[in-house]
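Only the coordinates and a few stated rules stand behind these numbers; no lab work does. Values in this document were obtained by computation on a predicted structure and should not be read as measured data. Counting neighbours? That spans all protein chains shown, and the Cβs are built from the backbone with ideal geometry, glycine included.
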Amino acid sequence: MKNGSPTDKQALEQQLTALRRENEELAQQVKRLIRAEGKLYEYQQVLDLQLNEYKGLYDLSRRLSGSFYIQGLFRETVQYVVQQLEYERAILLRREETVTYRVLALDGYYDPSEKEQAAAITMKYGAPCLSPLLAGREHVTCTATSTEPGNGCRRRLLMDEFLVYPLGHDEVPHALLVVGNTATNAPFHRRVQESDQALLSMGNLVGLVSSILDTHIFFERMMEAREQERVAEAKYRSLFENAAEGIFRRTPEGRYLDANPALAHMLGYASPAELVASITDIGTEVYVDPASYAEMQRVLAVHGRAESFETQIYRKDGSVIWVSLSLRAVRDSEGKVLFYEGMSEEITKRKIAEAALRESEQKYRQLSEALERRVKQAVDELRQKDKMLILQGRQAVMGEMLSNIAHQWRQPLNMLALLVQDVQLTHRQTGLSEEFICENVRRSMEIIQQMSQTIDDFRYFYRPDREKLEFTVSEPLDKALALLNGSLRIHSIEIQVLKTGEPSIKGYLGEFVQVLLNILINARDALIASRAASPLITVRLYEEGGETVVRIADNAGGIPEEIKEKIFEPYFTTKGPEQGTGIGLFMCKTIIEKSMNGRLCASNSGEGAEFVITVPKTP
């Protein structure tokens, strides 16, 4: 048709337009199909990669599940990371008894020096780079541009980007898995990225390894527990079989369940089996006293245990021995007594020894009482002898005192005689006036008073001591010097008394006067014998350190060295028989040390001898 109508042209154009639209739609569909095919290819690659990883995980799981060797598990894990997941480096650190982790396995591309450095890495669980794990994160991610705490570990781990995963499900992880790359080699290995898809492979590996590791650890702990149980059982069995004491288990009704050889031997049976089979009622067949068995049962019922319960039991041959029993109740979960277990120790020899000891104690007590009576009697005798010696010493001094009194009375008696004669002469010549009589009486009374004072001083010295009194030292010293005043004045012996304060003593006053008299008489006699140019006796009185001190020194030349150690011995004297008995200084030392708990010593000091009396203020 050469010339078509307008209607035909319009229809043709519409058809062409429809064809072009269809063509465009087909082109769009083709493009979509091409893009879908590309996506499908990508998905296929990812799926192939995942299938390959799952196959690798499956093979790894199969290899690891057949072994309980943790070192092998760790080595296989780091190898898988490097070979299958294609990270450059992998390090596995295991926890020690503390929270310090040390390298147990590593793999990857290291220089020799780097590998040695990496093998020495240690980490503490509280390190800053592990803080995300402490906060509950499942892993630590440190990318090339990361600013998280993990950055501080880059140099230590020899990685510029890394992941840290805890292995195991303990509160403190049993191990740490570190994987990553260096900056130089990062483009050639799987990158460290913070995305679920990127971390899926590591998550699968960590889940598998953690599960197997937990199984390994559980197996190790179970084996350790079994070994400990085996060792404990072996120890218990060894102790049970070889114990020197009898060990047993018995029912509440009184029948042995088990016994060791020591108990069988103790009761005279050939073996534990014979013992268990032969005895069916412990209360009647073993215990000598049924009341003792009843008491044992009562204690067990009340307290659930009995300690060191001593009783007598029968042996197989009927002989009786003493034993000490310790038992405790073993109960079930509801508190019912299953059986009693205990230990038995034979104490027959100890009981015999105790009986012998009681008998010996009785004899010893009797001997001790008899000895105490004899000692008391001897002490009383010694005290009587001491009193007699003191009396003898006092009587010896008394002779000296009588001589002094006789000398002191001679002059007053002469004066009295002259006064009496003067009365007679005056009466004959001029007659007695009242004034003369009064003066004569006054002078006579003074002389008589002096003579009476001498008698009082002598009585003061000779009176018996009944109890300890507290007195100042000046009092007995004045009495002693008054009694010796005449003899000291005759020989021109000067007395110098130096006193600090008013020192006092609690003791026997008369005995202390006797001590002072003996020492002063010895000093006087030494001065007379030495013929000193200016004879002097110095007496010092003072207190020091809670004690009263009396020092009596002379200038008679001192005590000869050869007799210095003997002067306090009884009956030792350098005077003739008519001058002394040798018990004076001995009694002085006895009085001071025994009666007054003090000390008396002598030494040479300065120009003569010095006697030092030291007495506690409260003896």
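In segment 465-547, the C-alpha radius of gyration followed by the widest Cα-Cα span (Dmax) gives 13.9, 43 angstrom. Between ILE448 and ARG315, the modelled label-to-label distance comes to 10.2 nm, taking each label 7 Å out from Cα in the direction of the beta carbon. Give me the base-10 log of I(q)/I(0) for segment 286-372 at each q in 0.13, 0.16, 0.23, 0.26 Å⁻¹, Debye formula, one uniform scatterer per Cα, rounded to two decimals. The Debye formula, applied to the Cα set alone, gives -0.59, -0.75, -1.10, -1.23.
Can you compute the FRET efficiency between GLU96 and ARG328 using 1/(1 + (r/R0)^6), with r the Cβ-Cβ distance and R0 = 41 Å? Round to the nearest 0.05.
On the way: r = 40 Å, r/R0 = 0.98.
So the FRET efficiency works out to roughly 0.55.
Treating r as the C-beta distance of GLU114 and GLN28 and R0 as 60 Å, the FRET efficiency rounds to 0.60. Across segment 92-123, the residues whose backbone nitrogen lies under 19 Å from the label position 7 Å along the beta-carbon direction of ASP170 are 92-105, 122-123.
With a threshold of 20 Å on the Cα-Cα distance, the over-threshold entries among LYS594/LYS617; LYS479/LYS506; LYS468/LYS564 are LYS468/LYS564. Of the GluC sites (Glu not before Pro) found in segment 322-361, those that fall in a DSSP loop while having at most 14 other beta-carbon atoms within 10 Å are GLU334. Cross-link partners of LYS349 among lysines, defined as those whose alpha carbon lies under 18 angstrom from its own and excluding same-chain residues fewer than eight positions apart, are absent. Any lysines with Cα under 22 Å of the LYS39 Cα? List them, leaving off those in the same chain fewer than 8 positions away. Excluding near neighbours in sequence, the set is LYS31. Modelled label positions at GLU569 and SER211, each set 7 Å beyond Cα in the direction of Cβ, lie 10.7 nm from each other. Provide, for q = 0.12, 0.16 Å⁻¹, the log10 of I(q)/I(0) from a solvent-free Debye sum over equal Cα point scatterers in segment 243-346. Cα-only, vacuum Debye calculation for segment 243-346: -0.35, -0.64. Estimated at 0.36 nm per residue, the fully extended path between LYS349 and ALA378 surpasses their Cα-Cα distance by 6.3 nm. Taking other C-beta atoms within 10 Å as the exposure proxy, PHE586, PHE512 rank PHE586, PHE512 from fewest upward. The phi-based Karplus calculation (6.51 cos²θ - 1.76 cosθ + 1.60; θ = phi - 60°) puts the 3J(HN,Hα) values of segment 293-299 at 5, 5, 5, 4, 4, 5, 5 Hz, whole numbers, x for Gly and Pro.
Placing dummy labels 7 Å off each Cα toward the beta-carbon, the span from ARG20 to GLU241 is 10.8 nm.
Give, in nm to one decimal, the length gained when the segment between ARG358 and SER492 is fully stretched (0.36 nm per residue of separation minus the Cα-Cα distance).
Values: separation 134, 0.36 × 134 = 48.24 nm, distance 7.35 nm.
The span from ARG358 to SER492 would gain 40.9 nm if fully extended.
Let me make sure I get this right: for segment 67-222, a, b and c are the square roots of the gyration tensor eigenvalues over alpha carbons, sorted descending. Under 1.5 in a/c it's rounded, otherwise prolate if a/b > b/c, else oblate. Which is it? Note, shape of segment 67-222 comes out rounded. Taking only the alpha carbons of segment 144-249, we obtain Rg and Dmax values of 24.2, 78 Å in that order.
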